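Working notes for the structure below.
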Amino acid sequence: MDTPRDPAAATPTPSVPEALHREVLVARDQARKNVFLLSHQGRQVVVKFPDQKGRGWLHAWLMRTTAAPMVRHPLPVAPFRLKPPAERTAFEAQRLHALAEAGAPVPRLVGLGDGYLIMEHAGQRLENWTRDLNLPPAEVDARVLAAARALAQLHCTGGWHGAPQLRNIMVRDDGSVAFIDFEEDLSILEPEARHAYDLLQFLSSLVVPRDDGPHRPELTERAARAYLALMGDGPLGPLAAYQRRAARIKRWLGPVRRRLGKDVQRTFGAIDVVEALLRDPAR
Ligand SMILES: Nc1ncnc2c1ncn2[C@@H]1O[C@H](COP(=O)(O)OP(=O)(O)O)[C@@H](O)[C@H]1O
Ligand SMILES: [Mg+2]
C-alpha cells in the first residue's frame with residue numbers, strides 16, 4: 001500500500017474556548033493525575049497536561065540503539081529525548097489534529113489550551129483487555145488483531161506513532177481502535193524505519209505482558225501478519241537489519257537471557273516473532 005507523507009505539519013490546531021478552559025482549571029485542582037477525565041456538555045473528554053519528568057539519557061540511548069540498525073545514517077540520541085513539556089504538548093496536539101484530519105485512527109482533538117490539550121474520550125486501554133484473564137480469549141484476540149490493522153491504517157495515512165504499546169492503544173465500546181500519546185518525534189527516521197520501529201514496539205508489548213499474564217508468541221505473530229497483510233513487506237527491510245544485529249546479542253547472552261528482566265524478555269520475544277516473519281513472510 002502507498003504511504004503518503006506525514007500529514008501537513010502546518011494544520012492549525014483548534015484552541016480551547018474560555019468556558020471550557022475554566023472547567024479544566026477547576027478539574028485540575030481536584031485531579032491527582034496529569035491526565036484526567038472531564039464531563040463537558042454531556043460528553044466525556046480527556047485533558048492531558050504533560051508529565052514534567054522528561055526522559056533520561058540512558059533510556060533515550062536504548063531507544064536510539066533499537067532504531068539505529070534500521071537506518072543507513074548515524075542516529076543521534078537527542079531526538080529520542082522527550083521535548084520540553086510545553087513544546088511536547090503543542091507537538092502532540094498538532095499531530096493528533098493532523099492525523100485525525102487525514103482519517104487516521106486517533107481521538108479527535110478538542111483543543112490546545114494553555115499548557116494542556118483536550119481530546120475526545122476513546123475507550124479503554126487494549127492492555128485492560130489483554131490483562132483480563134476472565135474474558136473469552138477469542139474476544140481479546142479479535143481486539144488485538146483490530147489494533148494491528150489499525151496500526152497499518154495509521155501508517156497508510158502517512159502517520160507514525162513512536163510508542164504504540166498496548167497501554168497507548170484504546171478500544172471503544174463499538175470495538176473501534178484509537179491510538180493515543182503522540183509525544184515521540186520519529187521524524188529523523190525514514191518512513192519505512194518508522195513503521196518497522198512502531199511495529200516492533202507493538203509486538204514487544206504484546207508478546208510479554210507488563211503483568212504476570214501468559215506470554216503470547218502465537219497471537220503476536222498473527223498480529224504481525226495481520227499488519228503486514230495491509231502494509232506490504234516495506235517494514236521487513238529495516239526489521240531484517242534490526243534482527244541481524246539483535247540475533248548476535250541473543251547468541252552472546254545464550255540461555256542466561258531467560259533469567260534477565262522483562263524488558264530483555266520482551267525484546268527477545270519480539271525478535272523471535274520477527275525471525276518467523278522473515279523466514280516465511282508470505283504465510
Ligand atoms: N483519549 C483518551 N481516551 C481515554 N483514555 C485516555 C485518553 N488519553 C489518555 N487516556 C488514559 O490516560 C492514560 C495516560 O495517557 P497518555 O497520553 O498515554 O499519557 P502518558 O504520556 O502519561 O503516557 C492512558 O493510558 C489512558 O488510560
Ligand atoms: Mg502513555
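The values are calculated or read from the model by the stated rules, or taken from the named source; none is laboratory data. As the structure is a prediction and not an experimental result, all values here were calculated from the model. Ideal geometry is used to build each Cβ from the backbone, glycine not excepted, and the neighbour counts take in all protein chains shown.
Criterion first (in contact with a Gly (Cβ under 8 Å, 6 or more places away or on another chain), surrounded by fewer than 17 Cβ atoms within 10 Å (Cβ to Cβ) and on the phi < 0 side of the Ramachandran plot) does PRO84 satisfy it?
So PRO84 fits the description; yes.
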Item to complete: Determine, yes or no, whether ALA150 is in the same structural domain as ARG225 (by TED's automatic domain parsing), of a type in the set (A, V, I, L, M, F, W, C) and in contact with a Pro (Cβ under 6 Å, 6 or more places away or on another chain).
Response: yes
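Matching residues to (1) outside the structural domain of ALA229 (by TED's automatic domain parsing); (2) more than 16 Å from ligand 2 (Cβ to nearest atom); (3) within 30 Å of VAL16 (Cα to Cα):
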{"residue": "ALA138", "(1), (2), (3)": "no, yes, no"}
{"residue": "ALA142", "(1), (2), (3)": "no, yes, no"}
{"residue": "LEU145", "(1), (2), (3)": "no, yes, no"}
{"residue": "TRP160", "(1), (2), (3)": "no, no, yes"}
{"residue": "ALA163", "(1), (2), (3)": "no, no, yes"}
{"residue": "LEU166", "(1), (2), (3)": "no, no, yes"}
{"residue": "VAL171", "(1), (2), (3)": "no, no, yes"}
{"residue": "ASP174", "(1), (2), (3)": "no, yes, yes"}
Response to the item:
Those residues of the range 153-172 which are closer than 20 Å to SER204 by Cα, more than 14 Å from ligand 1 (Cβ to nearest atom) and surrounded by fewer than 21 Cβ atoms within 10 Å (Cβ to Cβ) amount to GLN153
Worksheet item: Among (1) farther than 18 Å from ASN34 by Cβ; (2) modelled with pLDDT of 95 or more; (3) within 16 Å of ligand 1 (Cβ to nearest atom), which single condition is ARG131 missing?
Response: (2)
Fill in: Meets criteria (within 18 Å of TRP129 (Cβ to Cβ) and either at pLDDT below 95 or within 14 Å of ligand 1 (Cβ to nearest atom) (or both)) for VAL144
no
Worksheet item: How do the pairs read when you match residues in the range 116-127 that are touching a residue at least 40 places away in the same chain (Cβ under 8 Å) with residues anywhere that are among the hydroxyl-bearing types (Ser, Thr, Tyr) and more than 13 Å from ligand 2 (Cβ to nearest atom), using Cβ under 9 Å and keeping only pairs 6 or more apart or on different chains?
Response: TYR116/THR89; LEU117/THR13; LEU117/THR89; ALA122/SER176; GLY123/SER176
Practice prompt. Please find, within the range 94-151, the residue that is farthest from VAL208 (Cα to Cα) out of those that are outside any helix (DSSP H, G or I) and basic (Lys, Arg).
Written response: ARG108
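Conditions tested, residue by residue: (1) under 22 Å from ALA224 (Cα atoms); (2) within 14 Å of ligand 1 (Cβ to nearest atom).
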position: MET63; (1), (2): yes, no
position: ALA68; (1), (2): yes, no
position: HIS73; (1), (2): no, no
position: LEU99; (1), (2): no, yes
position: VAL106; (1), (2): yes, yes
position: ARG125; (1), (2): yes, yes
Item to complete: Test each condition in (1) polar (S, T, N, Q); (2) in a strand (DSSP E or B); (3) surrounded by 13 or more Cβ atoms within 10 Å (Cβ to Cβ) for SER39 and report the one that comes out false.
Response: (3)
